[in-house]
1. What ranking, highest mean first, results for peptides 136-149, 288-301, 370-383 when packing means the other Cβ atoms within 10 Å averaged over each residue?
2. Where both residues lie in the chain, what percent of DSSP beta bridges are antiparallel, nearest 5?
3. Give me the percent of the accessible area of segment 335-427 that comes from carbon and sulfur atoms, probe 1.4 Å, all protein chains in place.
4. Please go through the residue pairs LYS194/LYS278; LYS92/LYS168; LYS92/LYS193 and name each one whose alpha carbons sit more than 32 Å apart in this structure.
5. For ASP115, tell me the accessible area in Å² from a 1.4 Å probe, rounded to the nearest 10.
6. Using heavy-atom solvent-accessible surface (probe 1.4 Å) with all chains present, what is the largest-first order of CYS416, CYS261?
7. Per residue, how large is the accessible surface of segment 232-364? Use a 1.4 angstrom probe and give square angstrom.
8. Ignoring ligands, DNA and RNA, please state the percent of accessible area on segment 210-264 from carbon and sulfur, probe 1.4 Å.
Amino acid sequence: MNKAGVLFSIALVLIASTGLSGQKVETDSKKMEWFGDARLGIFIHWGIYAVNGIDESWSFYNGYISYPDYMKQLDGFTAENYDPGRWVELIKNSGARYAVLTTKHHDGVALWDSDYGDLNVVDRTPAGRDLVGPFVKEMRSEGLKVGLYYSVLDWSHPDYPNFTKEEKRYEDDPERKARFRSFNHGQIEEISKKYNPDLWWFDGDWEQSAEWWGAREIREMILDNNADAIINSRLQGYGDYATPEQGMPVKRPEDEYWELCMTMNDSWGYQHNDSNYKSPSQVIKIFSECLSMGGNLLLDIGPRADGSIPEEQVEILEEMGQWTSKHGEAIYGTRAGLPPGYYYGPSTLSADSTRLYLFMHGRPADGQLMLEGVKNKINRIYVVGNGTKLEYSEYLKPYWSNHAGLIFIDVPGNVCDEYTSVICLLLDGKLELSE
Ligand code: FHN
């Protein structure tokens, strides 16, 4: 690419970035490559809230349990069956290429041996050891990218202004604010030096401004230690990608990079009373929508206080794994698919735009799929993960018209996947669409 081309690409990245989440920084598109290709990540909410099986941090903030009673959970957090090797095996087999572990939620309980204060699982729980390091080690040895979640707000810290919904510690106190900031920045630096995550997943930034958090300084500190580290959007404008939560975008987001974070049931952490799990079929449909709009899915699990992963969650991960391993070519490294109106379902495109993947939930009632507006000659149509060549016919394509015809693809029921099938169209070149 010549110099003008390079400048143009940088400008495009900048435009795409600033459009989203009020981003105030330039994102290096090179460092985002693995993230854009990965498509599936696993979120892990693990903390003392799993002991009672209640809302992480929010349960005391909202007054559903007193703070002292919430903190009594420290005594029950054993991690006795924590097997990071098993966790990573499940994550890898699900088809995820990265995972994000909560190192500290809004309750302030650190999952590692922090030198800043003693509110951590090593000093205050029967677990008695660092729980982050072994996970990071296993992830790296399996070639997966490591994401670490850190809540910038800390409702337990004596110098943080907010305690509960009803009780504030102070409104304006520069000295306490400075003490909190050095604690906060100290912990972030500690994580950076100890574990050097590939991705930082900040949370809780909504309570204060970028200036209050020292967000610019946090970003600089992280990137000084690892220039390739990716930072999510929740740092008051100092992040690299958008993080819609529990809400599927209806239209393709403007942000070049985004990730939907979503629970499997209705809870982030383990809650024995929550059995409202989405089915594997529903999760795969949601994942397909993310893929089709060029985003990733960060699918959450909530291990128990002993470190075991509930069976319902294991089952969803395993079913995802069956599906992702069969349909990998339509998932990893692909780009957003067709704009609305061309095909009534999700779709993706290979990075070189010569393969179009049509996703099909269930079976077509009359055995046919319809596709509009694709101008290319189609060299072959086949079922992904199965290889069966499919027949098709083209209509509304008179010899005198330059407009693309209507394609009807025959899909016999016996080639369909139990969940979502994917049909690949091998094009004669880069995808060209009629308006
Ligand atoms: O308050 C948290 C919530 O507990 C959970 O951690 C989610 C995950 O994205 N984030 C926050 C709300 O945005």
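1. In descending order of packing, they fall as 288-301, 136-149, 370-383.
2. Percentage antiparallel, nearest 5: 50.
3. 51
4. Those over the limit are LYS194/LYS278; LYS92/LYS168.
5. The accessible area of ASP115 comes to roughly 130 Å².
6. Solvent-accessible surface, decreasing: CYS416, CYS261.
7. Per-residue value: 37 Å².
8. So the carbon and sulfur contribution to the accessible surface is 44 percent.
The values are calculated or read from the model by the stated rules, or taken from the named source; none is laboratory data. Keep in mind the model is a prediction, meaning the values are calculated, not measured. Ideal geometry is used to build each Cβ from the backbone, glycine not excepted, and the neighbour counts take in all protein chains shown. Ligands, DNA and RNA are stripped out before the accessible areas are found, and what is left, the full protein with its side chains, is counted by its heavy atoms. Shrake-Rupley method; radii C 1.70, N 1.55, O 1.52, S 1.80 Å.
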